[in-house]
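Heads up, the thing below is written out as structure tokens.
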There are 2 protein chains.
Amino acid sequence: MIVWNEVSESMQKSALCRPAIAVSEKVMAVTTSIIESVKNQGDEALLEMAKNFDNRKSPRLLVPQEEIEQSTSALSTELKEAIERAYQNIRTFHECQKPSDISVKTQPGVDCMLKFQAIESVGLYVPGGSAPLPSSVLMQGVCAQLAGVKTIVLATPVKGDDSIHPAILYAAKLCGINTIVEAGGAGAIAAMALGTSTIPKVNKVFGPGNSYVTMAKQLLSQQLPGFAIDMPAGPSEVLVIADDGANPAFIAADLLSQAEHGEDSQVILLCTSESVIQETKVEIGQQLKALSRANIARAALENSSFILTESLEQAFSISAEYGPEHLILQIRRADDYLDQVKNAGSVFVGDFTPESAGDYASGTNHVLPTYGYSKVYSSLNLLDFYRTYTVQQITQNGLQELSRAILPLAEAEGLDAHANAVTIRLGVQQ
Amino acid sequence: MIVWNEVSESMQKSALCRPAIAVSEKVMAVTTSIIESVKNQGDEALLEMAKNFDNRKSPRLLVPQEEIEQSTSALSTELKEAIERAYQNIRTFHECQKPSDISVKTQPGVDCMLKFQAIESVGLYVPGGSAPLPSSVLMQGVCAQLAGVKTIVLATPVKGDDSIHPAILYAAKLCGINTIVEAGGAGAIAAMALGTSTIPKVNKVFGPGNSYVTMAKQLLSQQLPGFAIDMPAGPSEVLVIADDGANPAFIAADLLSQAEHGEDSQVILLCTSESVIQETKVEIGQQLKALSRANIARAALENSSFILTESLEQAFSISAEYGPEHLILQIRRADDYLDQVKNAGSVFVGDFTPESAGDYASGTNHVLPTYGYSKVYSSLNLLDFYRTYTVQQITQNGLQELSRAILPLAEAEGLDAHANAVTIRLGVQQ
């Protein structure tokens with residue numbers, strides 16, 4: 001435990017220090033060569049990688065429509081209803097984010113509009129690994145569906161003799177996704193960004209992934225005009241602010257549910273009560289025993305800090321400086337403190353709002369800025385699937401009046417042709 | 001002139017091909033070393049660069065408050081009023097873009113909110129060069145002011161014995177900007193991104209610039225957690241769609257007002273009338289004679305294409321594929337065609353709406369995605385100065401009900417601790 005006011009500034013810094021993201025030369029070289037081979041050999045390159053990296057004997061690239069349709073029957077009623085409930089809540093929350101075009105007459109005869117248009121095609125990536133992640137499909141897919149994106153491609157890896165878990169297929173089906181690519185890693189990202197004969201080229205790729213996926217997203221967004229990615233990626237993290245009335249068992253459960261994500265997860269507790277901190281540590285020890293991913297959680301806890309603050313105000317100011325992905329408030333009258341929240345991706349208020357509610361089903365999006373990027377990036381939202389552009393329409397009289405602003409500015413900036421485009425229209429060509 | 005339907009696909013491609021942006025090793029090396037020196041020597045490095053690169057004898061970093069205040073008196077009434085009118089129109093258009101927090105009960109006992117918070121600190125870059133660019137201050141500064149950004153830093157270069165043009169200072173004053181840095185290039189960008197003893201560190205840097213500025217923005221946004229930039233930069237461009245009723249003199253004036261920006265500007269005319277294309281070329285020759293920047297415009301015209309299309313529909317489809325920064329519609333009943341517009345940054349509708357209106361004073365933002373990025377990036381708007389985050393608050397009963405969605409999903413994803421954070425709260429710990 002660190003007593004914030006009693007340690008040096010450098011100790012304070014190191015308590016909030018995130019594990020460094022090493023940019024490995026190897027990851028960059030491998031990713032670059034994967035991108036090249038997808039660019040040159042398209043589908044063939046993907047099929048080769050499926051054999052070599054994923055041990056697939058007779059790989060295929062697209063899931064047939066019937067398999068997507070039939071996914072429902074392979075699910076337990078319980079899981080099917082859970083996916084449907086999560087889908088509905090996420091949809092309800094994101095539906096309210098639909099933007100409206102704006103139209104303003106800035107002065108007589110000068111009409112200006114801000115218009116929203118869905119991005120034409122997007123790629124959604126869902127990582128594989130030890131378990132299927134239907135929630136990751138829903139968080140991305142609901143947005144693409146609500147925005148009315150014309151072409152939605154979903155890619156997810158398949159290993160060996162496996163097939164894509166029906167929970168993934170069913171979540172995709174609810175989101176109206178018909179193009180599901182059986183490919184993972186940098187190859188899948190490159191295929192969506194560049195297009196192949198089988199896989200449509202998309203304008204923006206979303207979703208989390210391993211270091212190759214992250215590198216491919218980064219490289220392609222730098223190299224490819226007209227292509228973009230959702231946000232920079234880093235390890236997941238939670239910061240809990242607690243007071244002396246908080247329940248140590250709840251705090252421990254929240255810290256552990258973040259810690260089990262991965263060994264590089266970071267969990268931080270800022271608490272005004274020394275005894276709550278001590279009891280939380282005891283609870284963590286107890287709860288760890290029952291967890292299947294206890295080893296991962298234990299490793300993550302090594303990167304973590306338990307900090308005693310002199311006040312809640314101090315805790316909020318430390319949190320603002322850190323900029324956590326998830327911020328949990330286990331304090332009395334927690335909603336009175338919402339105005340003090342700065343630089344957090346998603347906030348969980350009060351005793352009965354665990355992070356896992358937002359991870360799956362409350363309706364908020366679980367794709368959030370990590371690694372301090374919550375200072376400047378947004379939680380994933382419907383607008384990420386739109387682009388805005390402006391339109392202006394000016395009458396002859398409107399332009400006459402507006403010329404009194406345009407002409408002196410064009411002159412000051414030394415741009416004659418800018419002035420000429422106005423004067424020639426007003427018949428006062430000089 | 002190219003007759004679209006009569007040339008090969010590869011000729012079509014090359015007619016729309018943008019000049020390649022060479023990533024120069026030299027620019028990268030110089031920029032990297034500038035960033036390093038600002039990181040290590042702070043203000044000292046900036047003062048050194050002012051002496052060496054900008055030939056300043058006794059450089060200073062900040063403009064004193066009195067100079068900003070007194071800028072008004074150094075301006076002609078005409079230019080002062082032009083800046084004020086432009087400021088007011090830009091403000092009117094962007095004020096309507098203010099976002100509102102959203103609050104939704106996704107199911108009983110489950111409250112979810114989407115909240116907007118202004119980014120805490122931003123840096124605005126205004127390039128120097130042959131003429132001052134007060135319009136560039138207004139386009140960025142009005143947004144920062146309306147969003148309520150707490151710390152706004154403006155940086156612009158000063159050469160030799162010059163001082164910052166009063167038009168720049170006055171535009172900054174209207175936008176409530178007090179921190180004006182006399183520095184340019186990669187050094188200015190690094191100073192704002194990293195902070196020095198004199199210059200506040202910011203979270204996001206906006207604004208155009210030369211290749212060193214662009215490289216510094218790119219490198220710093222990759223290296224610095226919690227730091228972001230506005231959008232990728234490329235040369236400016238315009239695409240005009242015209243029919244047989246269009247006025248060739250107006251078309252020529254619009255093409256030239258884009259061409260005079262820089263030698264790498266690109267201008268494209270898509271027209272359904274061969275005679276309008278021929279007359280436009282003659283007009284260009286005439287109008288060029290009177291332009292002070294005729295040499296720049298002539299060079300830009302080398303990269304340009306005059307294309308005869310069989311129909312307006314074909315023209316709109318070529319434009320959507322190209323994704324122009326500026327799209328000008330000089331066609332009859334132009335507003336009937338707005339639904340056909342795709343992938344444009346800003347659209348200028350009808351005979352009396354020249355691009356220069358939007359560049360300066362109509363109210364729309366002139367910071368726009370170039371180089372095909374209008375397929376996926378937005379025109380600069382008020383939301384670029386905000387971040388969004390979510391908040392959720394769940395009651396005990398709400399969590400009980402929601403657990404039916406959370407628990408099966410946590411189980412399917414193999415995340416015990418996620419489930420435990422719910423069950424422990426519901427008193428049904430397993």
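Only Lys, Arg, Asp and Glu count, each charged at its Cβ (+1, +1, -1, -1), so figure out the dipole size of the stretch B:25-229 about its Cα centre, rounded to 20 debye. Write out the running numbers ahead of the final one.
Values: 18 positive and 19 negative charges, 85 e Å.
Taking the Cα centre of the stretch B:25-229 as origin, the dipole is about 400 debye.
Over the stretch A:234-376, accessible surface divided per residue gives 30 Å², non-protein components excluded, 1.4 Å probe.
Please compute the contact order of chain B in relative form: average sequence separation of alpha-carbon pairs under 8 Å and at least six residues apart, divided by the residue count, as a percent.
Once divided by the residue count of chain B, the mean separation gives 19 percent.
For the stretch A:234-376, the residue among A:ALA299, A:ALA252, A:TYR373 whose Cα projects farthest onto the positive side of the dipole built from Cβ charges is A:ALA299. Cβ-Cβ distance of B:ALA74 and A:ARG404, R₀ of 25 Å, FRET efficiency by 1/(1 + (r/R0)^6): the value works out to about 0.80.
Dipole size of the stretch B:303-398 about its Cα centre, with +1 on Lys/Arg Cβ and -1 on Asp/Glu Cβ: approximately 340 debye, rounded to the nearest 20. The residue in chain A that lies nearest, by its beta carbon, to the axis linking chain A with chain B is given here with the distance in whole angstrom as A:LEU383, 3. Report the residues of the stretch A:223-248 in range of a label on A:GLU274: point 7 Å along Cα→C-beta, backbone N strictly under 17 Å from it. Residues A:243-245 qualify, since their backbone N sits under 17 Å from the label point. Structural size metrics of chain B, computed from C-alpha coordinates, are Rg and Dmax of 25.6, 85 Å.
Each Lys and Arg Cβ is given +1 and each Asp and Glu Cβ -1; about its Cα centre, the stretch B:63-122 then shows a dipole of about 440 debye. Rounded to the nearest 500, what is chain B's calculated 222 nm mean residue ellipticity when only DSSP H runs of at least 4 contribute -39500 (n - 2.57) each, over all residues? Mean residue ellipticity at 222 nm (helix-derived): -13000 deg cm²/dmol. Rounded to the nearest 5, what % of the DSSP beta bridges within the protein assembly as shown are antiparallel ones? Approximately 30 percent, going by the DSSP bridge assignments. When DSSP beta bridges are restricted to pairs lying wholly in chain A, around 30% turn out antiparallel.
Setting aside same-chain residues fewer than 8 positions from A:LYS289, which aspartates and glutamates have a Cα under 14 Å from its Cα? Straight-distance partners of A:LYS289: A:GLU260, B:ASP416.
The orientation-averaged shadow of the Cα convex hull for the stretch B:31-124, equal to a quarter of the hull surface, comes to 12.1 nm². Filter the cross-link list B:LYS26/B:LYS51; A:LYS98/B:LYS150; A:LYS150/A:LYS173; A:LYS159/A:LYS217; A:LYS375/B:LYS217 down to pairs whose alpha-carbon distance in this structure exceeds 19 Å. Violating the 19 Å Cα-Cα cut-off are B:LYS26/B:LYS51; A:LYS98/B:LYS150; A:LYS159/A:LYS217. Let me know the shape class of the stretch B:1-75, please: from the alpha-carbon gyration tensor, a ≥ b ≥ c as square roots of the eigenvalues, rounded when a/c is under 1.5, otherwise prolate if a/b is greater than b/c, or oblate. Oblate shape, in that a/c is at least 1.5 and b/c is the bigger or equal ratio. In this rough spin-label picture, where each label sits 7 Å from Cα along the Cβ direction, the A:ALA131-A:LYS289 distance is 2.2 nm. Over all distinct Cα-Cα pairs of the stretch B:196-313, the Kirkwood formula returns a hydrodynamic radius of 16.6 Å.
In a Debye calculation with equal point scatterers on the alpha-carbon sites of the stretch B:250-315 and no solvent, what is log10 I(q)/I(0) at q = 0.14, 0.27 Å⁻¹? After summing over all Cα pairs, the log10 values are -0.39, -1.15. Kirkwood radius, the stretch B:25-229, all distinct C-alpha pairs, inverse of mean reciprocal distance: 18.0 Å. Computed from the alpha carbon atoms alone, the convex hull of the protein assembly as shown holds 162 Å³ per residue.
Loop sites by DSSP among the trypsin sites (Lys or Arg not before Pro) of chain B, restricted to those with at most 15 other Cβ atoms within 10 angstrom, leave B:160-288 as the longest stretch without any of them.
The calculated Kirkwood hydrodynamic radius for the stretch B:310-429 is 18.9 Å, given to one decimal from all distinct C-alpha pairs. Note on the protein assembly as shown: dipole from Cβ charges, positive end direction compared against A:GLN41, B:ALA242, A:PRO324; the farthest Cα belongs to A:GLN41. Interface size, chains B and A: roughly 10300 Å² of accessible area buried, both sides included, 1.4 Å probe, rounded to the nearest 100.
The values are calculated or read from the model by the stated rules, or taken from the named source; none is laboratory data. Source: prediction; values computed, not measured. Using ideal geometry, Cβ is built from the backbone for each residue, glycine included, and neighbour counts are taken over all protein chains shown. Just the protein is used for accessible areas: all its heavy atoms, side chains included, with ligands, DNA and RNA removed. Shrake-Rupley method; radii C 1.70, N 1.55, O 1.52, S 1.80 Å.
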